[in-house]
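The values are calculated or read from the model by the stated rules, or taken from the named source; none is laboratory data. Note that the coordinates shown come from a computational prediction; the quantities given were computed from them, not determined experimentally. As a convention, Cβ positions derive from the backbone with ideal geometry for all residues, glycine included, and neighbour counts pool all protein chains shown. Note: accessible area is taken over every heavy atom of the protein model, side chains too, but ligands, DNA and RNA are not part of it. Shrake-Rupley method; radii C 1.70, N 1.55, O 1.52, S 1.80 Å.
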Amino acid sequence: MLRGGGDRRVGPAARIRLIQLQVRLEAADTPVGYLVSDSERTLSFAYADAYRALPGAHPISFSLPFRDEPFADAESRAFFQNLLPENDQLDAVIAREGLDRDDLGGILAHVGADLPGALSCLPLDAPPVKIPGHLEEDYDLLGEEDVVDIVARLGRNQPLPGELRDPSPVAGFQRKIALVERPDGRFAIPKAGSGVPTTHILKVPDAALPREAFYEAIAAGLANVAGLDAAPSRSRWFGQYEAVLATRFDRSVDAGGAVRRIHQEDFAQALGLPPRLKYQRDGRPGREFSAEAVHRLLQQTVRPAEAVDAFLRATFFNLAVGNTDNHAKNHALLYDDGPAPRLAPLYDIVPIRLSENHHHRFSFAIGDALQAEDLRRDDMDRLLGQFGLNAAAANRFLAARIAPIVDLLGTERTVEDAWGAKFYALIRHECARLRPLLTVGNV
């Protein structure tokens, strides 16, 4: 396989199918490393020596730390599989190209140029495809009628207009689109072939949870009011469809209008878990999304104590607003300040307990509790103990950091909108369940 600076190729000549891809970051002038899939579809990944020598270079994942030896199939596959979009349109690419679902190298050879973050997987001789952009130069404006049409197509599961020129083989037939919101409020898309970043995601939620866009926007606002860091989201009607406009936390826009991608990885990638293990219940001890695993992960961030505090407050906030879908892919790390990452803002906060089409089991166990109805004080104490808080520290944390959030969210709100009233009723119910458990002795 390719090793080090990329000047060595290994692999028996007898192998009739060898896929070799360079892995690139927008911020780096040289490939990060090389991904190889052999004739048996076994993956391996190795860092490039030239990238490792760059000032400020960082691994692309906690699960893939810098080392001389290549990473084997299980390690490589878990990380890169999480880069693929979670929508049905990937099946169309697989069918069109005659690929198998487990042929990750073959899939990335077709879709790797437009992965959702700062990474791309490209042929060895391909130039970089992701570069920084400028709001005034690199984007084409969309008219209001264009955006209304886009949202309507998303709502009806119809293909997007061809003139959007989205280079992604899996985009154009899904319920969301990446675009740019300019300072004047108008929307734009990257110019054809520019490879510049977008700044927002426009999503039309599934009808299984009516007013999901509305709920997601309210939840993000409540998180910020409660002192948590959440990616801004707001709902807006476009014709007969309500959409949520979510700010991308893995982007930076400076005062001069320069737009850049920031490398991020979700917790599934950081923990070396494939997407199917994003819930603890689907894993096994030692290979699962669990409180212990998250604590070990946060200890390696640039500010561990702050990260632990933020994650725990987010956990109780999610309980209070009825979001039990806070799985491993709904938490992330950002690599924007040196080799160690920081905890990313909260995102995709949805009160899934309002939906009758979903079960409401926790994404990871809180003590012995697997759902809200089972939660007791000793479960909270066990959770906090897993994050390094002894009994006295746990009492102080619940009183000083969690009780104010629950008290704030549980305040009576008078709203005219029936949908809003439904959400706030859920919040009051969940807070009423939580508040007594924050007092010592309630087990």
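First select every other residue whose beta carbon is under 12 angstrom from the beta carbon of Ser61; then total the charges, Lys and Arg +1, Asp and Glu -1. Don't jump to the answer; show the numbers that get you there.
On the way: positive: none; negative: Glu75, Glu265, Asp266.
Within the 12 Å Cβ shell, the charges total -3.
Can you tell me the mean projection area, over all orientations, of the convex hull of the chain's alpha carbons? Units nm², please.
With every direction weighted equally, the projected area is 22.1 nm².
If you roll a 1.4 Å probe over the heavy atoms of the protein chains, what accessible area per residue do you get for the chain, in Å²? Spell out each step's value before the answer.
Numbers: 19330 Å² over 443 residues.
Each residue of the chain exposes 44 Å² on average to a 1.4 Å probe.
If you take every residue apart from Arg353 with its C-beta less than 12 Å away from the C-beta of Arg353, what net charge results, scoring Lys and Arg +1 and Asp and Glu -1?
Values: positive: Arg361, Lys422, Arg433; negative: Asp325, Glu356, Glu373, Glu430.
In short, -1.
No solvent, one uniform scatterer per C-alpha: report log10 I(q)/I(0) for segment 106-168 via the Debye equation at q = 0.22 1/Å, two decimals.
The Debye formula, applied to the Cα set alone, gives -1.05.
Starting from the Cα gyration tensor of segment 209-313, take the square roots of the eigenvalues, sort them a ≥ b ≥ c, and report rounded, prolate or oblate (rounded when a/c is under 1.5, otherwise prolate if a/b is larger than b/c, else oblate). Don't skip to the answer; put the middle values down first.
On the way: a/c = 1.89, a/b = 1.43, b/c = 1.32.
Here segment 209-313 falls in the prolate category.
By Kyte-Doolittle mean hydropathy of at least 0.0 and Cα axial length of at least 18 Å, which whole DSSP H helices of the chain are selected? Please list the in-between numbers first.
Values: long enough: 212-225 (19 Å, 0.86); 304-321 (25 Å, 0.89); 418-434 (24 Å, 0.14).
Span-like helices here: 212-225, 304-321, 418-434.
Output ³J(HN,Hα) for segment 43-55: one whole-Hz value per residue in order, computed from phi by the Karplus curve 6.51 cos²θ - 1.76 cosθ + 1.60 with θ = phi - 60°, and x for Gly and Pro.
9, 8, 9, 9, 6, 8, 4, 5, 5, 4, 7, 5, x
Between segment 329-387 and segment 216-277, what is the separation of their alpha carbon centroids in Å?
17 Å
Sort out the exposed loop GluC sites (Glu not before Pro) in the chain (DSSP loop, at most 15 other Cβ within 10 Å) and tell me the longest stretch that has none. Kindly include the intermediate steps, with their values, before the conclusion.
Details: sites that count: Glu40, Glu86, Glu136, Glu137, Glu356, Glu412, Glu416.
Free of exposed loop sites, the longest segment is 138-355.
Summing Lys, Arg as +1 and Asp, Glu as -1, what charge do residues with Cβ under 11 Å from the Cβ of His110 carry, His110 excluded?
Details: positive: Arg96; negative: Glu97, Asp103, Asp114.
Surrounding charge for His110 is -2.
Among the listed pairs Lys203/Lys278; Lys176/Lys329; Lys130/Lys278; Lys130/Lys329, which have their C-alpha atoms separated by more than 26 angstrom in this model?
In this structure, Lys130/Lys278 lie more than 26 Å apart at Cα.
Counting only protein heavy atoms and a 1.4 Å probe, tell me what percentage of the chain's accessible area is made up of carbon and sulfur.
Values: 9840 of 19330 Å².
The nonpolar share, carbon plus sulfur, comes to 51 percent.
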